[in-house]
1. What's the number of the condition ALA316 fails, among (1) part of a loop (DSSP other than H, G, I, E, B); (2) free of Cβ contacts under 8 Å to residues at least 24 places away in the same chain?
2. Given the criteria over 16 Å from PRO142 (Cα atoms), at pLDDT 95 or above, open to solvent by less than 50 Å² (accessible area, probe 1.4 Å) and of a type in the set (Phe, Trp, Tyr), does PHE72 qualify?
3. Against the condition within 15 Å of the chain's Cα centre (by Cα), hydrophobic (A, V, I, L, M, F, W, C) and not in a loop (DSSP other than H, G, I, E, B), how does LEU347 come out, does it pass?
4. Can you spot a residue in region 364-380 that is more than 18 Å from ARG63 (Cβ to Cβ), open to solvent by less than 60 Å² (accessible area, probe 1.4 Å), touching a residue at least 24 places away in the same chain (Cβ under 8 Å) and aliphatic (A, V, I, L, M)?
5. Which condition from (1) touching a helix residue (DSSP H, G or I) at 6+ places or on another chain (Cβ under 7 Å); (2) assigned to a loop (DSSP other than H, G, I, E, B); (3) of a type in the set (A, V, I, L, M); (4) modelled with pLDDT of 95 or more is the one that ILE269 breaks?
6. May I ask you to say which residue of TRP390, TRP360 is crowded, with 24+ Cβ neighbours inside 10 Å and either at pLDDT 95 or above or more than 28 Å from LEU29 (Cβ to Cβ) (or both)?
7. Just to check your reading of the model, which residue among THR146, THR187, THR171 is in a loop (DSSP other than H, G, I, E, B), of a type outside the set (Gly, Ala, Ser), modelled with pLDDT of 95 or more and within 21 Å of GLY64 (Cβ to Cβ)?
8. If you go through region 286-297 one residue at a time, do you hit one that is buried (at least 18 other Cβ atoms within 10 Å of the Cβ), under 22 Å from the mean Cα position of the chain (by Cα) and in a loop (DSSP other than H, G, I, E, B)?
Amino acid sequence: MSSLLDDAAKQLEKALGYITISDDARERLTMPKSSLVVRIPVRMDDGTLKVFKGYRVRYDDTRGPTKGGVRFHPNVTLDEVQSLAFWMTFKCAALDLPFGGGKGGVQVDPKKLSRMELERLSRGYVNAIADLIGPEVDIPAPDVYTNAMIMGWMMDQYSIIKRSFQPGVVTGKPLSMGGSLGREEATSRGAFVTLQTLLPKMGFKDPASIRVAIQGFGNAGSILAGFLYAAGYKVVAVSDSVGGIYAPEGLDIPSVRQAKEETRALKAIYCQGSVCHIKEHATISNADLLELDVDVLIPAALEGQITAANAERIRARVLFEVANGPTDYEGDQILEKRGIQVVPDILVNAGGVTVSYFEWVQNRSGLYWSEAEVNNRLDERMAREAHCIWEIAQEKGICLRTAAYLHALGRISTAMNAQGAKEYFLGTAR
Ligand code: GLU
C-alpha cells in the first residue's frame, strides 16, 4: 500500500504538469526538511509511568518559520504527520502567509486521560521537541483533539524552558495568554467565506435551497454548521466519530450544538456524548452520510474518507474539504471524472492558520486587534485567494485542487529560486 505522503505527492505531481519550476525547487519539495520522533514519559494518576510516541515534522521553511497544528489521536503515524506538514506548506503559500509547513502529533487516545494527565502529556511533548520549535523556527497550533487550553500549557512550558515569556511560540492560545480574538472560529469562518465566494460562481444562489451534509462535529464542523444555519442553508445531516443524525427538512443546528456541548461537562475538555444520541432524529452512519443526496458535502473529520471504494457513490455536487486530506488521490480522480467539484483543503480550511498568523503578528508587536479587525482581514484574504484560485482553474481548464497547488507552487518556487537555483550557478539565469 502506498503511503499517505506518496498519495499527497501525486497531487503535487499533477500540478507540476501545468507549471515550470526549477529543478532545484522540485528536488527540495520531495521530502520533509526534518522529522523528529520522540518518546514522552508521562506519570499517570495511578502512579504508573506511560510512554507515548510523539512527532514533529518540518516540511519546508523557505517562505518562513514552519507552521502547523499538533494532533492527539490514537492513529497518529509519522507518515500521516509528514503528509499533514506537506499540506501545511502549500496551504500557507496558497494564502500568502510568510510561513512554511509543519505538523506534530502524539499517538494517544486523549479521551482516556484525566485532565492532569493531559496537562503532563502536553508539557512533556514540549519538553521533547523544545529544541526544534520557537517563534522564528516552528510554531505549533491546535489540530484534531487539541484546543486552546492545551496550547496554553504548551506555551507556558516553552516559556519555562526559555526562562522568558514566549507567546509567539504557539498559536491558538487562550485569550488571557496572548491568544487572538476570532481564532476559535477562524477555520469555520474561513470555510464559510470560501463557500460564500465560490458557490455563486458554481451557479448556487439561494441558501434555503442548498442542502448540506457535514461529517465531523468538532471545532471546525460544528461552528461551520452554526454559520451555515444562521445564513439560511439547509444542514440536513451532521455526524461525529460515533455516528450522525439526518433530517431531510433541515436540522436545528443551535440545539444540536447545545446538546453536544452539554456532554462536555464531565471532564470539561472533550464532549463525552455524540450527536447521534439526540433522540428526536433519525440516525445515519458516517459512511452513509457521505453518500447522501445533497448539494454540498463537507468532510470535516479526518483524512482518507473519500476513496476509490466510495467515490462512485458520492451524490453531492460540490465538496468543501474542511478536514485535511479527506479525499485521497484515486477518489479525487473519480470525482473529477464525474464532474463533482472539489474545493480543496489547502484553501477551505486555511482560515485557522491565517488567524494563527494574525495571532503571531500580534504577539510579536504586542499590539492586540479587535475582533472586527481580525475578521475583516480574514474575510478579505480568504475571498481574495479563493477568487484567484477559481480564476486559475477557469483559465487553464483544471480542477480547483490543481489550481490551488499551482497558486502555491508559484510562490514557493519563487522563494526557492531567490536562494539561488541551478540556472544561477551555471550562469544561464536571465
Ligand atoms: N491545524 C490547523 C490546520 O491544519 C491550524 C494550523 C495552525 O494554525 O498553525 O490548518
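The values are calculated or read from the model by the stated rules, or taken from the named source; none is laboratory data. Predicted, not measured: the structure shown is a model, and the values here were computed from it. Ideal geometry is used to build each Cβ from the backbone, glycine not excepted, and the neighbour counts take in all protein chains shown. When the accessible area is computed, the model is the full protein with side chains, heavy atoms only, and any ligands, DNA or RNA have been set aside. Shrake-Rupley method; radii C 1.70, N 1.55, O 1.52, S 1.80 Å.
1. (2)
2. Against the criterion (over 16 Å from PRO142 (Cα atoms), at pLDDT 95 or above, open to solvent by less than 50 Å² (accessible area, probe 1.4 Å) and of a type in the set (Phe, Trp, Tyr)), PHE72 does not qualify.
3. It is true that LEU347 is within 15 Å of the chain's Cα centre (by Cα), hydrophobic (A, V, I, L, M, F, W, C) and not in a loop (DSSP other than H, G, I, E, B).
4. yes
5. Every listed condition holds for ILE269 apart from (4).
6. Sole residue among the options that is crowded, with 24+ Cβ neighbours inside 10 Å and either at pLDDT 95 or above or more than 28 Å from LEU29 (Cβ to Cβ) (or both): TRP360.
7. Only one candidate passes the filter, namely THR171.
8. No - not one qualifying residue is present in region 286-297.
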